[in-house]
1. Inspect all residues belonging to the range 133-143 and state whether any of them is in a loop (DSSP other than H, G, I, E, B), modelled with pLDDT of 95 or more and farther than 18 Å from residue 3 by Cβ.
2. For the range 199-217, what are the residues that are touching a Pro at 6+ places or on another chain (Cβ under 8 Å) and either surrounded by fewer than 24 Cβ atoms within 10 Å (Cβ to Cβ) or at positive phi (or both)?
3. Quick one: in the range 247-287, which of the residues that are within 20 Å of residue 311 (Cβ to Cβ) and without any contact (Cβ under 8 Å) to a residue 40 or more places away in the chain is surrounded by the most Cβ atoms within 10 Å (Cβ to Cβ)?
4. In this structure, does residue 25 turn out to be within 12 Å of residue 256 (Cα to Cα), assigned by TED's automatic domain parsing to the domain that holds residue 256, crowded, with 18+ Cβ neighbours inside 10 Å and in contact (Cβ under 8 Å) with a residue 24 or more places away in the chain?
5. Suppose we filter 270, 256 for residues that are at negative phi and either within 15 Å of the chain's Cα centre (by Cα) or assigned to a helix (DSSP H, G or I) (or both); which single one remains?
6. Is the range 44-63 home to any residue that is among the hydrophobic types (A, V, I, L, M, F, W, C), at pLDDT 95 or above and either under 30 Å from residue 129 (Cα atoms) or in contact with a Ser or Thr (Cβ under 9 Å, 6 or more places away or on another chain) (or both)?
7. With respect to residue 159, is the statement that it is closer than 16 Å to residue 236 by Cβ, part of a loop (DSSP other than H, G, I, E, B) and in contact (Cβ under 8 Å) with a residue 40 or more places away in the chain true?
Amino acid sequence: MKPKRSQDFASNAREALADEHLREALKRGTSRFERERRDAVSEVPEWEDLREKARLIKEEALTNLDRYLEQFVERAEAAGAKVHWARDAQEACSDIAHIIDAAGGGTVVKSKSMTTEEIGLNAALAQGAPPPVETDLGEWIIQLADEPPSHIIAPAIHKTREDVGALFAEKLSIDETHDIEELTRIARRFLRNSFAEASVGISGVNFAIAETGTLLILENEGNARLTTSLPRVHIAVMGIEKILPRIEDLEVFLRLLPRSGTGQRMTSYLSLITGKTKAAEEGPDAVHIVILDNGRSAMLKDRVTRQSLACIRCGACLNHCPVYREIGGHAYGSVYPGPIGAVITPQLAGVEKASQLPFASSLCGACRDVCPVKIDLPELLLELRARLVERRGLPHSPDARSPLPRRTLERMGFRLWAFAMSGPRRYRFFMGVGRRAVRITFLSTILGPLRAWTLGRDLPAPAPMSFRRAWQRRRGSKR
């Protein structure tokens with residue numbers, strides 16, 4: 001699959017909207033997540049209190065991140081872990097490559113990790129050796145398909161069982177089947193040897209506890225536990241924002257994250273890892289923790305955008321976003337799609353590469369309502385939009401055919417609107433003109449904003465008469 005770019009979001013979105021098969025798969029997957037989340041949340045009367053507690057804990061951690069990071073490193077190294085600091089993706093990939101070389105190379109297995117996707121780890125390691133084997137079922141599917149993830153927690157949400165069956169038949173030279181249990185057994189059979197052969201296992205980190213130097217990894221398949229326990233060397237990759245102050249803080253997040261992400265009361269596997277194992281215990285001989293910045297410090301300095309670092313990667317905002325649900329993750333051209341991706345991608349990758357993403361939202365507020373840590377995503381999207389417009393005007397749309405710049409048209413439109421709304425007579429006149437203009441269908445094919453709107457929807461039909469006239473008639477009929 002040819003990689004898509006964030007700067008091509010508009011054309012990517014049009015392509016996705018034309019793919020009925022993709023939209024049906026997305027509808028099925030996100031609707032299931034939405035329904036199961038709603039049922040799981042309804043069982044917790046104190047849900048809003050938990051969200052507020054989580055927000056405060058994250059705020060405390062981010063406000064004092066330097067202190068908590070130092071405490072985490074001190075405790076982790078005291079327990080036998082080796083900590084590596086990486087300023088950017090290149091440093092992180094280089095550190096990981098050196099650790100693998102020191103371990104003798106060979107097979108490397110990797111459990112699901114958005115942070116390693118962010119730094120392009122697989123591609124970086126593949127330059128000198130075979131890439132790590134993805135062991136999460138969804139990640140393994142898209143690795144076989146040579147595609148990036150389409151969702152934060154469900155990488156292959158855009159594929160149906162028929163798609164997976166055909167993919168397995170092509171890539172694994174087996175008879176095609178569409179039975180989900182059989183497809184899972186096939187994956188298990190092919191992956192099992194990789195765990196036994198691997199000398200290095202790479203994982204992400206859900207939370208890192210400053211108080212104890214402990215890593216927490218959540219999963220449902222058991223592959224992460226095999227990745228972190230069978231190979232002799234374990235490499236954990238985490239962003240600086242994964243820190244929580246205290247072990248007791250986990251009680252809040254362990255109730256929020258599974259319900260928000262998959263609608264589960266608890267994930268199937270919860271692994272707490274503190275340093276390397278002792279001589280009498282099973283597990284790796286060495287634990288390396290790569291702590292990644294990669295633009296996060298700049299986000300931390302900004303009072304408004306700092307809250308985006310509180311994200312716990314549950315994916316709830318994607319499942320409830322009317323934009324993501326129609327086009328999926330690949331259209332964003334980013335590792336992080338959906339509302340949270342529209343916020344953090346411009347900050348991590350740079351606004352020049354992702355200037356269209358903050359505008360990829362209806363601002364309905366559903367993402368804010370379901371976020372387990374109460375990130376105000378609409379506020380962040382509006383803030384980024386304002387900064388982009390102030391800096392360089394509105395992002396260019398490939399659909400714009402007017403010779404005038406988009407920013408000029410935008411200003412003219414708002415000035416006309418302000419003029420029309422400044423007096424009752426003007427209001428009545430322009431509303432009357434507007435009601436008649438909407439009925440002229442060919443206008444939507446020649447006027448830029450209307451044309452863009454009607455590419456994917458119909459303009460709402462106006463009522464037979466205005467509310468004011470209907471009210472006057474009603475009052476007159478009652479006299």
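1. Kept after step one, since they are in a loop (DSSP other than H, G, I, E, B), are these residues of the range 133-143: 135-136.
Filter once more, keeping what is modelled with pLDDT of 95 or more: 135-136.
After this cut, where a residue has to be farther than 18 Å from residue 3 by Cβ as well, the list is 135-136.
Yes.
2. Across the range 199-217, the qualifying residues are 199, 211.
3. 254
4. Values: within 12 Å of residue 256 (Cα to Cα): no; assigned by TED's automatic domain parsing to the domain that holds residue 256: yes; crowded, with 18+ Cβ neighbours inside 10 Å: yes; in contact (Cβ under 8 Å) with a residue 24 or more places away in the chain: yes.
No.
5. Working: 270 fails: either within 15 Å of the chain's Cα centre (by Cα) or assigned to a helix (DSSP H, G or I) (or both).
Of the residues listed, the single one that is at negative phi and either within 15 Å of the chain's Cα centre (by Cα) or assigned to a helix (DSSP H, G or I) (or both) is 256.
6. Here is the first cut: in the range 44-63, the residues among the hydrophobic types (A, V, I, L, M, F, W, C) are 44, 47, 50, 54, 56-57, 61-62.
With at pLDDT 95 or above added as a condition, the list becomes 44, 47, 50, 54, 56-57, 61-62.
The next check asks that each one be either under 30 Å from residue 129 (Cα atoms) or in contact with a Ser or Thr (Cβ under 9 Å, 6 or more places away or on another chain) (or both); those that pass are none.
Scanning the range 44-63, I find no residue that is among the hydrophobic types (A, V, I, L, M, F, W, C), at pLDDT 95 or above and either under 30 Å from residue 129 (Cα atoms) or in contact with a Ser or Thr (Cβ under 9 Å, 6 or more places away or on another chain) (or both), so the answer is no.
7. On the way: closer than 16 Å to residue 236 by Cβ: no; part of a loop (DSSP other than H, G, I, E, B): yes; in contact (Cβ under 8 Å) with a residue 40 or more places away in the chain: yes.
No.
Results for (1) over 17 Å from residue 289 (Cα atoms); (2) out of contact with any Lys or Arg (no Cβ under 7 Å at 6 or more places or on another chain), shown as yes or no for each residue.
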site: 11; (1), (2): yes, yes
site: 19; (1), (2): yes, yes
site: 30; (1), (2): yes, no
site: 57; (1), (2): yes, yes
site: 62; (1), (2): yes, no
site: 87; (1), (2): no, yes
site: 93; (1), (2): no, yes
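The values are calculated or read from the model by the stated rules, or taken from the named source; none is laboratory data. Keep in mind that what you see is a predicted model, and the values were worked out from it rather than measured. Because the Cβ atoms are built from the backbone with ideal geometry, glycine has one as well, and the counts that use them run over all protein chains shown.
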